[in-house]
Amino acid sequence: MQPADIAWILAAFAMVLLMFPGLSMLYGGMLNGRNVLNMMLMVMSSLAVTAVVYVLVGHGLVLGDSVGGAGIIGNPFEYSFFSAFMADDGAGSTLWGAFYILFAAISVALVSSGAAGRMKFGAWLIFAALWVLLVYAPMGHWVFAISDPETGVVGGWMRNVLGLHDFAGGTAVHMNAGAAGLALALVLGRRSTPSARPHNLPLMLVGVGLIATGWMGFNGGTAGGANFLAQYVVLTSLLAACGGMLGFMVVERIRDGHATMLGLGTGLISGLVGITPVADAVDPVGALLVGLLASMAAAWAITWKRKHRIDDSLDVFAVHGISGIVGALCAVLFAASSAPAGITGVLFGGDPNLIWKELVAIGVTLVYSFVMTFIIAWVMNKIVPIRSTPEDEAAGLDRSQHAESAYEGRIL
């Protein structure tokens, strides 16, 4: 890699790292004041647990040569202990190894939405490690591992056989985390005393801002260097975020009669989720449209969730799962041939086969993630109950699990 490319990826890495305190603030602000620190600990510990798993076997499972050439899972020992990254290979592999840790860790952190305010912290740490190994690693291999005919390396089946276009992880990160969060919420069941209102909207907005900053590094860094593609995807990401804010507030105004700060922040994140798989495939107007459609779909999904009394309290399924689906479909519907990806959407005369390929990828992602996550949580719960006791939930997990309080002398 050129020095300028390395400098940009290092900067992007730092920006993505900000997503973890950002998500902590977003999720913590959306809960009641008795579970803020617990939520923040779940998010931040996701990074620690994932790093250990990833250094041991995770990078090989995701990006290693596919075992048996099947495109299902990578060789877990190919990059074990990161021993291959002890010297400069000229390709920036050491830096990319660190970058991919963050991709995996933020996926795990998003899943914590389904456990908010009612899961034992020790159980969460075990669940996070198992989820990286059994859910994220296969999905990451299917989407991120690229075949190299010259060396004989075989990558994942979604990217190389099906021909999925997913710029920066709409499937492996967002749809995956959304389906998993829903499954975990169903295994744990509803909270006995759910909080109807976020306790700290300013904290939530600061979290949204940090996440948006990190997202520019997330998508911009995926461009692989300081190049035109990085410029382009940062632009489309910004436009989708703006479209998302407007789209969600419009739905709120029609549905509830008023727009809210929570809705603005939720819409912004929904727009960014939607653009992630297609940031290099749509034109600027298309990016705005992606944000609008993704946020409106998320708003509908949140309404559906409330009607069915599903306690995914931080809406990972709606915001990341549903918005991710919308973004993936936008790639096949109105991708612009003039964009860097060079894909022509079906509405502009593109290949209709793109539709079924994208639908297969979406369907497999949702089913695999939901079923495997449900099994992991269900089996863990059968061995040792993973849900906190009613008494602990009533006292708040900050005090009962961690002997701390975010607000001394206050009960929120």
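I'd like the residue in region 126-161 that is of a type in the set (Gly, Ala, Ser) and touching a Ser or Thr at 6+ places or on another chain (Cβ under 6 Å) and, out of all such residues, is surrounded by the fewest Cβ atoms within 10 Å (Cβ to Cβ).
Restricting attention to region 126-161, the residues satisfying the condition of being of a type in the set (Gly, Ala, Ser) are 128-129, 137, 140, 145, 147, 152, 155-156.
With touching a Ser or Thr at 6+ places or on another chain (Cβ under 6 Å) added as a condition, the list becomes 128, 155.
Numbers: ALA128: 24, GLY155: 22.
Among those residues, the one meeting the criterion is GLY155.
Pull up region 372-393, narrow it to residues that are at pLDDT below 95 and assigned to a helix (DSSP H, G or I), then point me to the one that is nearest to ASN32 (Cα to Cα).
GLU393
Give SER400, SER369, SER337 a once-over and let me know the one that is touching a Ser or Thr at 6+ places or on another chain (Cβ under 9 Å), part of a helix (DSSP H, G or I) and among the polar types (S, T, N, Q). Even if it seems obvious, please write down each step before you answer.
On the way: SER369 fails: touching a Ser or Thr at 6+ places or on another chain (Cβ under 9 Å); SER337 fails: part of a helix (DSSP H, G or I).
Being touching a Ser or Thr at 6+ places or on another chain (Cβ under 9 Å), part of a helix (DSSP H, G or I) and among the polar types (S, T, N, Q) holds for just one of SER400, SER369, SER337, which is SER400.
Restrict the check to region 236-246 and report whether at least one residue is at pLDDT 95 or above, more than 19 Å from ALA331 (Cα to Cα) and not in a helix (DSSP H, G or I).
Within region 236-246, none of the residues are at pLDDT 95 or above, more than 19 Å from ALA331 (Cα to Cα) and not in a helix (DSSP H, G or I).
From the list SER112, SER83, pick out the single residue that is buried (at least 17 other Cβ atoms within 10 Å of the Cβ), among the hydroxyl-bearing types (Ser, Thr, Tyr) and either out of contact with any Phe, Trp or Tyr (no Cβ under 9 Å at 6 or more places or on another chain) or part of a helix (DSSP H, G or I) (or both).
Details: SER83 fails: buried (at least 17 other Cβ atoms within 10 Å of the Cβ).
Going through SER112, SER83 in turn, the sole match is SER112.
Would you check if there is a residue in region 79-96 being closer than 16 Å to ALA177 by Cβ and either touching a residue at least 60 places away in the same chain (Cβ under 8 Å) or β-branched (Val, Ile, Thr) (or both)?
no
Search region 17-52 for residues being β-branched (Val, Ile, Thr) and surrounded by fewer than 24 Cβ atoms within 10 Å (Cβ to Cβ), and hand back the single one that is farthest from SER107 (Cα to Cα). Break it down stepwise before answering.
Start the filter on region 17-52 by keeping residues that are β-branched (Val, Ile, Thr), which leaves 36, 43, 49-50, 52.
Subset that is surrounded by fewer than 24 Cβ atoms within 10 Å (Cβ to Cβ): 49, 52.
Working: VAL49: 12, VAL52: 15 Å.
Within region 17-52, the match that is farthest from SER107 (Cα to Cα) is VAL52.
Among VAL332, VAL326, VAL360, which is touching a Leu at 6+ places or on another chain (Cβ under 9 Å), among the β-branched types (Val, Ile, Thr), loosely packed, with under 15 Cβ neighbours inside 10 Å and in a helix (DSSP H, G or I)?
Working: VAL332 fails: loosely packed, with under 15 Cβ neighbours inside 10 Å; VAL326 fails: loosely packed, with under 15 Cβ neighbours inside 10 Å.
Going through VAL332, VAL326, VAL360 in turn, the sole match is VAL360.
Polar (S, T, N, Q) and modelled with pLDDT of 95 or more: which single residue out of SER369, SER405 fits that description? Quick ask: steps written out before the conclusion?
On the way: SER405 fails: modelled with pLDDT of 95 or more.
After ruling out the rest, the residue left standing is SER369.
Would a scan of region 33-40 turn up a residue that is part of a helix (DSSP H, G or I), at pLDDT 95 or above and under 18 Å from the mean Cα position of the chain (by Cα)?
Checked against the condition, which is being part of a helix (DSSP H, G or I), at pLDDT 95 or above and under 18 Å from the mean Cα position of the chain (by Cα), region 33-40 yields at least one hit.
Out of all the residues in region 254-266, is one or more surrounded by fewer than 24 Cβ atoms within 10 Å (Cβ to Cβ), in contact with a Pro (Cβ under 8 Å, 6 or more places away or on another chain), in a helix (DSSP H, G or I) and on the phi < 0 side of the Ramachandran plot?
Yes, because at least one residue in region 254-266 is surrounded by fewer than 24 Cβ atoms within 10 Å (Cβ to Cβ), in contact with a Pro (Cβ under 8 Å, 6 or more places away or on another chain), in a helix (DSSP H, G or I) and on the phi < 0 side of the Ramachandran plot.
Could you please find all residues in region 349-407 being touching a residue at least 12 places away in the same chain (Cβ under 8 Å) and polar (S, T, N, Q)?
THR365, SER369, THR373, ASN381, SER388, SER400, GLN401, SER405
Has region 79-96 got any residue that is among the aliphatic types (A, V, I, L, M) and in contact with a Gly (Cβ under 7 Å, 6 or more places away or on another chain)?
First pass over region 79-96, keeping only residues among the aliphatic types (A, V, I, L, M): 84, 86-87, 91, 95.
Narrowing further to those that are in contact with a Gly (Cβ under 7 Å, 6 or more places away or on another chain): none.
No, region 79-96 has no match at all.
For region 56-91, how many residues are hydrophobic (A, V, I, L, M, F, W, C) and in contact with a strand residue (DSSP E or B) (Cβ under 8 Å, 6 or more places away or on another chain)? Spell out the reasoning first.
Keep residues of region 56-91 that are hydrophobic (A, V, I, L, M, F, W, C), which gives 56-57, 61-63, 67, 70, 72-73, 77, 81-82, 84-87, 91.
With the extra rule that they be in contact with a strand residue (DSSP E or B) (Cβ under 8 Å, 6 or more places away or on another chain), the set shrinks to 61-63, 67, 72-73.
Looking only at that region, the number is 6.
Is it the case that region 218-231 has a residue that's surrounded by fewer than 17 Cβ atoms within 10 Å (Cβ to Cβ), assigned to a helix (DSSP H, G or I), under 20 Å from the mean Cα position of the chain (by Cα) and touching a residue at least 40 places away in the same chain (Cβ under 8 Å)?
no
Would it be correct to say that GLY69 is touching a residue at least 60 places away in the same chain (Cβ under 8 Å), at positive phi and in contact with a Leu (Cβ under 8 Å, 6 or more places away or on another chain)? Talk me through it step by step, then tell me what you get.
Values: touching a residue at least 60 places away in the same chain (Cβ under 8 Å): yes; at positive phi: yes; in contact with a Leu (Cβ under 8 Å, 6 or more places away or on another chain): no.
For GLY69, the condition - touching a residue at least 60 places away in the same chain (Cβ under 8 Å), at positive phi and in contact with a Leu (Cβ under 8 Å, 6 or more places away or on another chain) - is not met.
Tally the residues that are over 24 Å from the mean Cα position of the chain (by Cα) and polar (S, T, N, Q), restricting the search to region 78-116.
2
The values are calculated or read from the model by the stated rules, or taken from the named source; none is laboratory data. Note that the structure is a prediction, hence the values are computed from the model and not measured. Neighbour counts are summed over all protein chains in view; Cβ atoms, including those assigned to glycine, are modelled from backbone coordinates with ideal geometry.
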